[in-house]
Amino acid sequence: MNPPPALPLRLGTRGSPLALAQAELTKAALIAAHGLDPADILIVPVKTTGDKVQDRPLAEIGGKALWTKELDRALAAGDIDFAVHSMKDVETIRPAEIAIAAILPRADVRDRLIGAQGVEDLSEGARIGTSSPRRAAQMLALRPDCRIKTLRGNVATRLAAVETGAVDATLLAAAGLDRLGHGEIGAAIATETLLPAAQQGAIGIETLAERAEIRALLGALDDQASALCVAAERAFLFALGADCHSPVAALAEIADGVMTVRAQILTPDGSDAVARAASAQAGDDPEKIAQDLAVTLYEGASPALRALFAW
């Protein structure tokens with residue numbers, strides 16, 4: 001039996017309002033699961049490079065590792081006991097010494113459109129603010145008349161860009177808006193119209209693989225269905241060779257014991273796209289389902305689409 005970890009537990013997180021809200025959700029879940037006192041968990045904000053550099057697309061300055069590397073260092077140095085992440089910000093290849101110990105129950109996976117009630121309601125030539133290659137490509141595929149303007153920053157910054165007229169519309173994750181208390185903002189876009197980013201809506205908790213006592217503590221928070229779906233989506237990205245530059249969407253869902261994985265890849269300008277889906281019993285290997293889907297999707301893609309992925 002593992003000895004109990006020393007208190008207080010140090011929960012590492014980015015310092016953005018959304019990251020802090022997710023840290024508070026994790027803290028509350030730990031308190032409820034283990035009967036801890038609030039003082040037993042200390043939230044430790046860590047400034048990441050991704051938070052510091054806001055004037056360029058993430059793909060241009062180092063990709064998803066800019067959200068994780070400082071927290072990884074804090075784990076390795078013993079400055080924190082575990083770290084909380086939006087899973088869509090976590091790169092598919094992680095250091096061997098770091099383990100995903102738990103995935104919280106997944107929230108709304110959809111995107112919300114801010115600035116119009118629906119994609120069809122956008123004005124002709126609408127300026128769409130986003131730094132996501134996926135969202136940009138999907139919007140151009142749906143509305144080729146739209147113009148994409150690079151827009152980064154936290155939720156408040158992106159909402160302000162619409163309010164001030166810097167852009168006509170933007171897209172934000174529904175889960176993030178809900179966690180910040182903005183559930184009334186924006187129009188949710190059905191996943192049949194706009195397939196989300198892999199792992200969108202999922203919160204993950206990482207710790208050092210060798211910290212068995214911390215992994216056991218966090219394991220009580222793990223939602224099996226959410227973890228299986230996240231594992232499938234991560235396996236799809238890995239098999240496809242996708243990175244921050246890749247306009248790619250993926251969503252795994254479980255219903256009546258069956259896992260269905262849907263995925264889409266697009267050229268950056270949205271002019272070429274291919275989508276596929278695969279289903280299997282949820283008890284089967286979710287990673288194998290996703291890997292096979294990646295092969296099917298790649299083989300059905302045009303040469304222009306294939307060139308975007310590291311095969």
What FRET efficiency do you get for residue 39 and residue 212 if R0 is 22 Å and r is their Cβ-Cβ distance, rounded to the nearest 0.05? 0.35
Reachable aspartates and glutamates from residue 69, Cα under 20 Å, same-chain residues fewer than 8 places away excluded? 51, 55, 60, 79, 81, 89, 91, 97, 206, 210, 243
For residue 77, project a label point 7 Å along Cα to C-beta. Then give me every residue of segment 9-51 with its amide nitrogen under 16 Å of that point. 10-15, 44-50
Using every alpha carbon pair in segment 200-311, what percent of pairs falls into each 5 Å bin from 0 up to the bin containing the largest distance? 2, 12, 21, 19, 17, 13, 9, 5, 2, 1, 0
For residue 31 and residue 245, compute 0.36 nm times the residue count separating them, minus their Cα-Cα distance, and round to one decimal in nm. 73.2 nm
Remind me, relative contact order of the chain in percent, using alpha carbon pairs under 8 angstrom and six or more residues apart? 20
Just grab the label-to-label distance for residue 24 and residue 223, each label 7 Å out from Cα along the Cβ direction, in nm (one decimal). 1.9
At 25 °C in a medium of viscosity 0.890 mPa s, segment 111-189 has a Stokes-Einstein diffusion coefficient, with Rh taken as the Kirkwood radius over alpha carbon pairs, in µm² per second, of 199
The ratio Rg/Rh over the Cα atoms of the chain, Rh being the Kirkwood inverse mean 1/r radius, stands at 0.96
Flagged as over-length at 29 Å C-alpha distance, from 47/288; 27/88; 88/288; 149/288, the pairs are 47/288; 149/288
Summed side-chain charge close to residue 218 - residues other than residue 218 whose Cβ falls under 11 Å, Lys, Arg +1, Asp, Glu -1: -2
Two-site label geometry, residue 306 and residue 94: point separation in nm, points 7 Å out along Cα→Cβ: 3.3
Starting from the 7 Å offset along Cα-to-Cβ, what nm value, one decimal, do you get for the label separation of residue 142 and residue 123? 1.9
From DSSP H assignment alone, runs of 4+ in the chain each adding -39500 (n - 2.57), the sum over residues rounded to the nearest 500 puts [θ] at 222 nm at -10000 deg cm²/dmol
Angle, helix 286-299 long axis vs. longest principal axis of the chain, Cα atoms, 0 to 90°, nearest 10? 20
For a quick check: sort 288, 149 by the number of other beta carbons within 10 angstrom, fewest at the front. 288, 149
Run the numbers on segment 138-285 and let me know its relative contact order in percent, using alpha-carbon pairs under 8 Å that are six or more apart. 21
Relative contact order, percent, segment 234-303 [alpha-carbon distance under 8 Å, six or more residues apart]: 32
Could you check what % of the DSSP bridge pairs in the chain are antiparallel, to the nearest 5? 75
For residue 258, placing the label point 7 angstrom along Cα-to-beta-carbon and taking segment 266-307, residues whose amide nitrogen sits under 20 Å are 275-294, 296-297
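Each reported figure results from applying straightforward, stated rules to the coordinates on display, with no laboratory input. What you see is a predicted model, and the numbers here were worked out from it, not measured in a lab. Note: ideal-geometry Cβ built from the backbone for every residue, glycine included; neighbour counts use all protein chains shown.
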